[in-house]
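*Asks:* One structure, pasted below without further comment.
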There are 2 protein chains.
Amino acid sequence: MQKIVECVPNFSEGKDLKTINSIFDAAKSVKSVRVFELEYNKDHNRCLFTIVGKPEDVLSSAYESIKTATKLIDMEKHKGEHPRIGATDVVPFTPVSGVAMEECVELANKLGKKVGEELGIPVFLYEEAAARPENRNLADVRKGEYEGLKVKMNKPDFGPSEMHPTAGAVVVGARKYLVAFNVNLDTHDIEIAKKIAGVIREKNGGLAGLKALGFEVDGMAQVSMNLVDYEKNNFDDAYRAVETEAGKMGITIKSSEIYGMIPLESLVGAVKTTFKADTFKSDQVLEKRLYE
Amino acid sequence: MQKIVECVPNFSEGKDLKTINSIFDAAKSVKSVRVFELEYNKDHNRCLFTIVGKPEDVLSSAYESIKTATKLIDMEKHKGEHPRIGATDVVPFTPVSGVAMEECVELANKLGKKVGEELGIPVFLYEEAAARPENRNLADVRKGEYEGLKVKMNKPDFGPSEMHPTAGAVVVGARKYLVAFNVNLDTHDIEIAKKIAGVIREKNGGLAGLKALGFEVDGMAQVSMNLVDYEKNNFDDAYRAVETEAGKMGITIKSSEIYGMIPLESLVGAVKTTFKADTFKSDQVLEKRLYE
């Protein structure tokens, strides 16, 4: 089986299309990978895309995009609703096929070392790649954000011990597939979204593997979620949790948005739960079987 | 883009594994196609599988399986809950990729002619391939079943004007992708399943593209559905319709079963409806993009 790894680098630019496209094109300059699903959001002031291919090629592609983001993004001028610590904010490697988590941890270390040494940016390793237990959780590494880390920063895993003057710091790691799922409420009251997010997130005793924040996007209150372990809690579980909490306040769900790329298994899992279809499996999806 | 066609032949044997496997192996004797998802059900006394590949290769594979079923199945001894008129009961061709419906109609005609002439079995063309409007609907062609057609049969489109002595007749056609979806009720009262099926099926003013029958399977009342046009009504619509009608009688849904292969688009459609995720598209599914 061919080894396939995914990498979804996140950059702190969600408005300037020229910069966004330059970063995207830099990733695509490595011809042996597929780079797609460029997404950007001006409220979050953030963009991200997906790189898929053989492990070493994905590493090269990610590096090229980071190098370009370092040149083009000035964190001194950056404002956005989403937490961030650098021009390239976070770079996770994820196993897709024929690759163990350990191999993604190695990739994270290799990229981290290269970014630290060649671009002069402090690099923190997180989640499965974390060298220190206190850095496992991305939110902890990002605490204080760009502005706070400029004042006081822990020793990074690679690179200089001070923030890069314009690019800040980068978090690199390895993790399970992260599914981004936003649910929009039939209200513009952001406090309601924040309250729901606070109740349903794992951290506060909510759903396992669920991270949630409340935003206002396009005039709607949005519960923006990351499903960190879709085998434990999937679209269905997250949607129902939001629906239940919103219902207690007399609010209904207006729409939802599956953000970026998702693995087929996460879709299959949601359908199984929704329709009590326990026997359903991804091998029943024609497109999967055609190319085995 | 490579031309891909699907064919799901249905045979009147759901108990004898030796016969079932012989028919399955005959289809696989054409090496250039993929043959998978052999399914059989002893209550229906029926089996089916999926052939996928280039149009002409799929035709050859289907023909080999029909030839074997003609040798091994004796309709004089056949009993089963599912309507049927022959050893090979129905053989639909379906466009999957890069193929227009017209091309599947041509395939149906080619296969029908071959089965009629070489195997001496009367062949009726149905749905998109129907040569006469009264044969469009499979249920109409199958009216009277094997036993009835032995007594009185309309002129077939290909082959002899009398039933084959042991293999009966065959229905061959072209159609849109048919999704098989069974919903099991928390009751063993088959009358409730039949009542629900009667209300929700298109024929009686229910959901467009929905065919439904009530069965008892493994001691559960089952609403067995075919979604003939999943772009109009998908898993979600069908499930909710059963749920609503069952609820009126105080019955709940115990489980559901997606039967056989389904196209990725049908999953994507269901998820869009269920989670009000209007912007979601199949291109967001990683596995689809990897092999484009």
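The values are calculated or read from the model by the stated rules, or taken from the named source; none is laboratory data. Predicted, not measured: the structure shown is a model, and the values here were computed from it. We place every Cβ from the backbone using ideal geometry, glycine too, and count neighbours over all the protein chains shown.
*Asks:* Exactly one condition in (1) within 26 Å of B:Leu38 (Cβ to Cβ); (2) assigned to a loop (DSSP other than H, G, I, E, B); (3) modelled with pLDDT of 95 or more is not met by B:Tyr177; state its number.
*Replies:* Unmet for B:Tyr177, out of (1) within 26 Å of B:Leu38 (Cβ to Cβ); (2) assigned to a loop (DSSP other than H, G, I, E, B); (3) modelled with pLDDT of 95 or more: (3).
*Asks:* Among the residues of the stretch A:196-210, is any among the charged types (D, E, K, R), farther than 30 Å from B:Glu265 by Cβ and in contact with a strand residue (DSSP E or B) (Cβ under 7 Å, 6 or more places away or on another chain)?
*Replies:* Yes; the residues of the stretch A:196-210 include at least one that is among the charged types (D, E, K, R), farther than 30 Å from B:Glu265 by Cβ and in contact with a strand residue (DSSP E or B) (Cβ under 7 Å, 6 or more places away or on another chain).
*Asks:* Moving to a separate point now. Determine if the stretch B:76-83 includes at least one residue that is away from chain A (no Cβ under 14 Å) and within 14 Å of the chain's Cα centre (by Cα).
*Replies:* yes
*Asks:* Considering every residue within the stretch B:144-158, establish whether at least one is assigned to a helix (DSSP H, G or I), among the hydroxyl-bearing types (Ser, Thr, Tyr), over 18 Å from B:Leu125 (Cβ atoms) and in the same structural domain as B:Glu39 (by TED's automatic domain parsing).
*Replies:* Within the stretch B:144-158 (the criterion being assigned to a helix (DSSP H, G or I), among the hydroxyl-bearing types (Ser, Thr, Tyr), over 18 Å from B:Leu125 (Cβ atoms) and in the same structural domain as B:Glu39 (by TED's automatic domain parsing)), the answer is yes, since at least one residue qualifies.
*Asks:* Filter the stretch B:77-89 down to residues that are of a type outside the set (D, E, K, R), surrounded by fewer than 24 Cβ atoms within 10 Å (Cβ to Cβ) and not in a loop (DSSP other than H, G, I, E, B), then give me how many there are.
*Replies:* Looking only at that region, the number is 0.
*Asks:* Still on this structure, please answer the following. Which members of the stretch B:27-60 meet the condition of being farther than 29 Å from B:Leu213 by Cβ and of a type outside the set (D, E, K, R)?
*Replies:* Answer for the stretch B:27-60, where residues must be farther than 29 Å from B:Leu213 by Cβ and of a type outside the set (D, E, K, R): B:Ser29, B:Val30, B:Ser32, B:Val33, B:Gly53, B:Pro55, B:Leu59, B:Ser60.
*Asks:* Considering the stretch B:257-271 alone, what residues qualify as being facing chain A (nearest Cβ under 7 Å) and charged (D, E, K, R)?
*Replies:* Listed by number, the list holds a single entry, B:Glu257.
*Asks:* Here's a check for you: in the stretch B:29-59, which residue that is within 14 Å of another protein chain (Cβ to nearest Cβ) and assigned to a helix (DSSP H, G or I) is farthest from B:Val96 (Cα to Cα)?
*Replies:* Among those that are within 14 Å of another protein chain (Cβ to nearest Cβ) and assigned to a helix (DSSP H, G or I), it is B:Asp57.
Quick grid of which residues meet (1) more than 22 Å from A:Thr68 (Cβ to Cβ); (2) in contact with a helix residue (DSSP H, G or I) (Cβ under 6 Å, 6 or more places away or on another chain):
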| site | (1), (2) |
| --- | --- |
| A:Asn137 | yes, no |
| A:Asp140 | yes, no |
| A:Pro160 | no, no |
| A:Pro165 | no, no |
| A:Val171 | no, yes |
| A:Asn184 | yes, no |
| A:Thr187 | yes, no |
| A:Ala197 | yes, no |
| A:Gly205 | yes, no |
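*Asks:* While we're looking at this one, here's another question. Looking only at the stretch A:79-119, which residues are β-branched (Val, Ile, Thr) and farther than 24 Å from A:Cys47 by Cα?
*Replies:* A:Val99 - this is the single residue of the stretch A:79-119 that is β-branched (Val, Ile, Thr) and farther than 24 Å from A:Cys47 by Cα.
*Asks:* Do we have A:Gly250 as surrounded by fewer than 20 Cβ atoms within 10 Å (Cβ to Cβ) and either of a type in the set (Ser, Thr, Tyr) or touching an Asp or Glu at 6+ places or on another chain (Cβ under 8 Å) (or both) here?
*Replies:* no
*Asks:* For the stretch A:215-292, which fully contained helices (runs of 4 or more DSSP H) count at least 1 residues that are in contact with a helix residue (DSSP H, G or I) (Cβ under 7 Å, 6 or more places away or on another chain) and under 27 Å from A:Gly80 (Cα atoms)?
*Replies:* A:235-248
*Asks:* Where residues in the stretch A:272-290 are more than 7 Å from chain B (Cβ to nearest Cβ) and basic (Lys, Arg), which of them is surrounded by the fewest Cβ atoms within 10 Å (Cβ to Cβ)?
*Replies:* A:Lys281
*Asks:* Pull out all pairs, ordered by first then second residue, where Cβ-Cβ is under 7 Å, the residues are six or more apart or on different chains, the first lies in the stretch B:230-256 and is within 13 Å of chain A (Cβ to nearest Cβ) and over 13 Å from B:Val199 (Cβ atoms), and the second is basic (Lys, Arg) and assigned to a loop (DSSP other than H, G, I, E, B).
*Replies:* Going by the 7 Å Cβ cut-off, the qualifying pairs are B:Ile253/A:Lys276; B:Ser255/A:Lys276; B:Ser256/A:Lys276.
*Asks:* Shifting gears a bit: Taking the stated definitions as given, is A:Lys114 part of a helix (DSSP H, G or I), of a type in the set (Lys, Arg) and surrounded by fewer than 18 Cβ atoms within 10 Å (Cβ to Cβ)?
*Replies:* No.
*Asks:* Check off (1) surrounded by 20 or more Cβ atoms within 10 Å (Cβ to Cβ); (2) in the same structural domain as A:Gly250 (by TED's automatic domain parsing) for A:Ile190 and give me the number that stays unchecked.
*Replies:* A:Ile190 satisfies every listed condition except (1).
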